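Where a number appears in this text, it was derived from the coordinates with a stated rule and is not lab data. Worth saying up front: this structure is predicted, and the values here are computed from it rather than measured. Methodologically, a virtual Cβ is constructed for each residue, glycine included, from the backbone with ideal geometry; neighbour enumeration extends over all protein chains shown.
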Amino acid sequence: MKLRLIFCLSLLCFAIWFGPVARAQESGLVVGEIDFPENVWGKQVLPFDVTNNTPELKFLTVETDITFEDSYINPRRLLHSNFVVPPETTERLTPQLEIPSNYGQMTLWVRIYDVIDTLDDLALGTRVFEQPFRVRLRAPEGIVPYFQEKITLPPLAGNYGLMDNEFARLLPILLSEGKSLSEIAVMAETDTAFVRDLAGRMVTLRYLQATGSGYAPVAAVIPQGFALEGRALADSLANQLADALTANFGERRRLIDSLAAAGRMKDDSTNFYQGTTVLYRPYPLTAGLCLWRELGEGFIGQGQPFRILATTDPCRPNLGPYMYLVQGGDFYNGTHLYDARIVKATLEMRFGDQIPEVECFAGFERKMRLNENTDWAYSREYAPETFLIDTGLTYPVVRALTARARDLLGPALTELGALAARHGQSAVTGGHRYWFWNLIATRTLARLIETGSLTREGNGQFKLIEKTK
């Protein structure tokens, strides 16, 4: 049974572009009629004929490029399929494409490149054909109420990969309401097999778990009522936390003087290699080391290191036990990025008071593991300022600055547990703690700036590297 969606076709947009077809004929290639793909979500093939009227062997790469507009998530799927067409021959090509489970205005471009070798970069080939298809995918009535407020995810978790589309984000929420896969398929007017496959992929990522009666979320599901109360609670705790930090800020200068007088460090704000420069920079000291390294890791990890992106990458994130989905939009989600990982036996922490944009380089979908600056990179405007950290000198200062603040962590966790219980959730997971702490930290830092206790520095992006002995 095919996955039936409500499609609204525009005949004007469905037309073939005849200019590119002529170019294909001029190259000795004739492209047959391309039918619109099946009205389904997921992977499929798009068969059509190509005739090679030349005496030469033709190496062709077919690109299928799907994008969305008019949705709060606009996923993209770019796939390449390679073919060889012998001289004076007609071949049936079967390029692959993937339609994300999304709603809104979808555009599919089919492009054909004449290349010297199918392993070559497409930039070395010649585009000989292109044809657009445009279609609007409308959400069924049963789904529409769930999209009155957008569903947001942890930082860097929803730009690419499995969760970059509307239906994937909705599935754990529907399951949390006790709905079965078949009921969800009926609501979405799609096929149960597709929903089951999607659920299975989420089990692999530890976002769902199989139960005796179906599937249930492992990721924290935070409906709007929960989010509304959680935001109010986070604001209250942030005010207390900001007051506690502000009360200790005067200790920073005294401790620097004490360490210098004891001969443990030179009172030099420019000595990068001494590992104490951050002590002279209140903003990264407070935001990166106090709020996240000292307080946040303890609150979220509960005794375990918080290394959320250490074994994954922003282009195909797998957040495991720290995944969450929150209804209500950005107002109910924090804006901080904290990424701590071990690099060559050294702890490196990246902090950003805004979530940086990430560029995933072409072909990342086919890679096993992506590395920064080779397969992906942060946009240049988010380049971090780097600090070397001597832990023996800086962390005594950090602990002094956070002394009163640490007393607030236990009550905050208790409040979060009570909030979850009021909304029928029996356990507080790493996803709940991550969501709640990002809200608290975001609001605390904003409060410190509003009161003049801190001044934002640079672009708000910092890399903190613990100095090895």
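Note that the stretch 285-365 carries a Kirkwood radius of 14.3 Å, evaluated over its alpha carbons pair by pair.
Taking every lysine pair in the chain that is 8 or more places apart or spans two chains, those with Cα atoms closer than 23 Å amount to 11. The angle between the Cα long axis of helix 192-204 and the main principal axis of the chain comes to about 40°, on a 0 to 90 degree scale.
Placing one equal scatterer on every Cα of the stretch 136-188 and applying the Debye formula, the log10 ratio I(q)/I(0) at q = 0.25, 0.28 Å⁻¹ is -1.10, -1.24. Toward the positive end of the charge dipole of the stretch 267-360, with +1 on the Cβ of Lys and Arg and -1 on the Cβ of Asp and Glu, the farthest Cα among ALA287, THR270, LEU347 is that of LEU347. With all pairs of different C-alpha atoms in the average, the Kirkwood value for the hydrodynamic radius of the stretch 54-178 is 16.9 Å.
Assuming charge only on the beta carbon of Lys and Arg (+1) and of Asp and Glu (-1), the dipole of the chain about its Cα centre is about 1640 debye to the nearest 20. Phi angles across the stretch 433-444 convert, under the Karplus curve 6.51 cos²θ - 1.76 cosθ + 1.60 with θ = phi - 60°, into 3J(HN,Hα) values of 5, 5, 4, 5, 5, 4, 4, 4, 5, 4, 6, 5 Hz, Gly and Pro given as x. Computed per residue of the chain from DSSP H runs no shorter than four, each worth -39500 (n - 2.57), the mean residue ellipticity at 222 nm is -8500 deg cm²/dmol.
Relative to the longest principal axis of the Cα atoms of the chain, the long axis of helix 251-261 lies at roughly 70 degrees. Largest first, the three principal axis extents of the alpha carbons in the stretch 128-280 are 72, 53, 31 Å in whole numbers. Evaluated at q = 0.08, 0.10, 0.11 Å⁻¹, a Debye calculation over the C-alpha positions of the chain (equal weights, vacuum) places log10 I(q)/I(0) at -0.59, -0.84, -0.95.
In the stretch 142-246, a dipole from Cβ-located charges (positive for Lys and Arg, negative for Asp and Glu) runs towards its positive end, and of PHE194, LEU245, THR204 it is THR204 whose Cα lies farthest in that direction.
Counting only Cβ charges, +1 for Lys and Arg and -1 for Asp and Glu, the dipole size of the stretch 144-220 around its Cα centre is about 260 debye. Extent along the principal axes, Cα only, for the stretch 221-466: 55, 45, 31 Å, with the longest axis given first.
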